[in-house]
Amino acid sequence: MSQTSNQQIPNDAPFSSEQVASLNSVFGNITSEQATYLKGFLAGIGAGGSSVPAGDAVPLTVFFGSESGNAEGLANKAKASAEAAGFAASVVDLADVKVADLARVENALVLISTWGEGDPPSRVEDFYDSFMGEGAPKLEKTRFSVLGLGDTSYEHFNQMGVDFDARFEALGATRFFDLVKCDLDFEDPYNRWVSGALATLADLTGATQGGAATSAGDAAAPAEAKVDYNKKNPFMAPLLKKYNLNGDGSAKETVHAEICLNGSGLSYEPGDALGVIPRNAPDLIEEFLQATGIEGRENVAYGDELAIPFVSVLRDSLDLRTVSKTLLTKYAKMCLNQELLEKVEDREWVKDYAWGRDWVDVVKDYPSHGMRAGDFIRLLRPLSPRLYSIASSVKAHPDEVHLTVGAVRYEAHGREKKGVCSTFIADLWEQGGTAGIYFHHNKNFKLPQDPSTPVIMVGPGTGIAPFRAFIEEIAANDADTKSWLFFGDQHEATDYLYKEELEGYVKEGRLTKVDLAFSRDQENKIYVQDRMRENAEEIWKWLDEGAYFYVCGDASRMAKDVHQALLDIISEQGKMDDKAALAYLKGMQKERRYARDVY
């Protein structure tokens, strides 16, 4: 690899060029982001010649492991709250430290996400393996508290939070505040955790210089801050226009939606996601009311509302789709159904039963026996926003944000089913109408800072979305960036999304190369990973020049197949054995040169 870290370090880097060279000799080449994290870590533990900030402030290191940016964002908020409470706080990415260094940490807050079926975030895999291994140090001098981020719809809910909490204790560390496990709606549990943890640690250490612990939002907010739009306070954005990107005869429906940001003060970067607040479809609500026998017009108490029609709560606030072991168990107890209670003990049965079913199916299969509206309010999960990869550059479309959304429609268990948010956008959000939105910033999926760095993008189907944004950004900046897109779908005639735009960028030289894989245009199916293998030698040359490699799209099959193809290319073209190729790819992950936005 020809890229050097000194070329990457900007003028405002936290170390001088001499210090960077010295660090490189110890740690290997480091990027400017890694240098920033390293400096914060050293400051947090008082090592390497860096000292804790002036005064007798108690050091506190806020560690995070993040896949999509939630844990990182909360870690930065926790740092602000900790500083307001009198601590000398630093934020450190677990991907950028060695397990042995933990022994020098006095006080630690740990925010860790669970990815997929109980796995660590991809950039934290090496740290996790070392942390759980026999070589991990004893941590008798360390105090800790863990916040886990997860999703109860997955079987191994918050597995990483559980694992980290137990491992710190097993290594002799002292838990000063109990593990808190967050579901998708993590703001309130996070606020309770950070306030409680900091107050407890302040009592233990005497860290009282800054006064009482506050919420991060309060600690960091200026006197006259602009409106903070988020999923609890979304910006009501008008839809400018939408249209189907697929041609007549396609089996798919892919909606291109253009949304107005005028007057919001909001902005974003390519690689970020847009949160959309959906509403349940009227036909689903009617089916649910019929199945339960509940009168939707009756008033209920919900949130801050003391008397609101139940049908309004169903439309705006309750998740009628997600069926999980936790919810089925709770439902069985509420409706006194012993048969269902026994069945949910079998995880495989739950997995098979939950596929393709919603709460209309559940209530029909196992009647609710007089459960009232308030019972379902206590049972069902809140209706969560959906995050979509942004498909535009704000430089190319001022005051706008674009989405590329595949409308999900299918039949299961004798009923027509629809994706909640995808069909909300396709069917219910009309031109000129408004819906709640907010931005989710993802630092792990960004174009390289140096525009001369090549980029390889693999995005079949709606996975094209962030790469349309990347290409627009490159064009808007008039950047001399080598860029290579692998795109695929079913049929070229009907499913070549953004064909005219992409061909125009190639003609203008804004997009260097496009390789296409339309799986059903020939007898033998061809996918993007097949096109990668056909171009193995050139892909390796780009990687050897320091290219960034991005993947967006289906996590269950495509991303795994592309990952394996990339590993094979590194091994074969780089003349490496399997172990060395895997180490090379993990190195790319840590440097953020291999980034995935998969779902």
Please work out which option in (1) 183; (2) 145; (3) 355 gives volume of the Cα convex hull per residue in Å³ calculated from these coordinates, and answer with its label. (1)
Once amide H atoms are built 1.01 Å from N in the peptide plane, which residues 5 or more positions from M457, or in another chain, come under 5 Å H to H? W484, L485, F486, Y550
For Q290 paired with Q338, estimate the spin-label separation in nm (one decimal), with each label point 7 Å from Cα along the Cα-to-Cβ line. 3.3
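With a 10 Å radius around each residue's Cβ, average the other Cβ atoms per peptide and rank 490-496, 273-279, 457-463, 64-70, highest first.
Working: 490-496: 17.6, 273-279: 21.7, 457-463: 25.6, 64-70: 23.4.
Most protected by this proxy first, the peptides run 457-463, 64-70, 273-279, 490-496.
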Would you please give the residues with an amide H less than 5 Å from that of Y594, counting only those at least 5 places away or on a separate chain, with H modeled from the backbone geometry? F549, Q589
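Arrange the residues K417, K395 by how much accessible surface each exposes, largest first, with a 1.4 angstrom probe.
So, going from the largest accessible area down, we get K395, K417.
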Residue-ordered couplings for the range 237-247, obtained by feeding phi - 60° into the Karplus form 6.51 cos²θ - 1.76 cosθ + 1.60 and rounding to whole Hz (Gly and Pro as x), are 9, x, 7, 7, 6, 8, 7, 7, 7, 7, x
Figure the gain on full extension for E187 and Y410 (residue separation times 0.36 nm, minus the Cα-Cα span) and round it to one decimal in nm. 77.0 nm
Which whole-number percentage describes the relative contact order of the chain, with Cα contacts under 8 Å and a sequence gap of 6 or more? 12
Accessible-area order (highest first, 1.4 angstrom probe) of the listed residues D203, D93, D597, D427: D203, D427, D597, D93
Whole angstrom only: what separates the Cα centroid of the range 484-537 from the Cα centroid of the range 538-599? 19
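Tell me the carbon and sulfur percent of the accessible area for the range 528-599, rounded to whole percent, probe radius 1.4 Å. Don't skip to the answer; put the middle values down first.
Numbers: 1460 of 3210 Å².
Roughly 45 percent, rounded to a whole number.
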Extending each Cα 7 Å along its Cβ direction at E523 and H441, get the distance between those two points in nm, one decimal. 5.4
I'd like the distance between the alpha-carbon centres of the range 72-124 and the range 405-476, rounded to an integer number of Å. 29
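Please work out whether the range 58-184 counts as rounded, prolate or oblate from its C-alpha gyration tensor, where a ≥ b ≥ c are the square roots of the eigenvalues and a/c under 1.5 means rounded, while otherwise a/b larger than b/c means prolate and anything else oblate?
Working: a/c = 1.58, a/b = 1.16, b/c = 1.36.
Judged from the Cα gyration tensor, the range 58-184 comes out oblate (a/c at least 1.5, b/c at or above a/b).
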Largest-first ranking of D478, D163, D126 by accessible area, probe 1.4 Å, whole protein assembly kept, is D478, D126, D163
Hull volume in cubic angstrom per residue (convex hull over the Cα atoms of the range 297-416): 155
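The values are calculated or read from the model by the stated rules, or taken from the named source; none is laboratory data. Model, not experiment: these values are computed from the prediction. Methodologically, a virtual Cβ is constructed for each residue, glycine included, from the backbone with ideal geometry; neighbour enumeration extends over all protein chains shown. Only protein heavy atoms, including side chains, enter the accessible area calculation; ligands, DNA and RNA are left aside. Shrake-Rupley method; radii C 1.70, N 1.55, O 1.52, S 1.80 Å.
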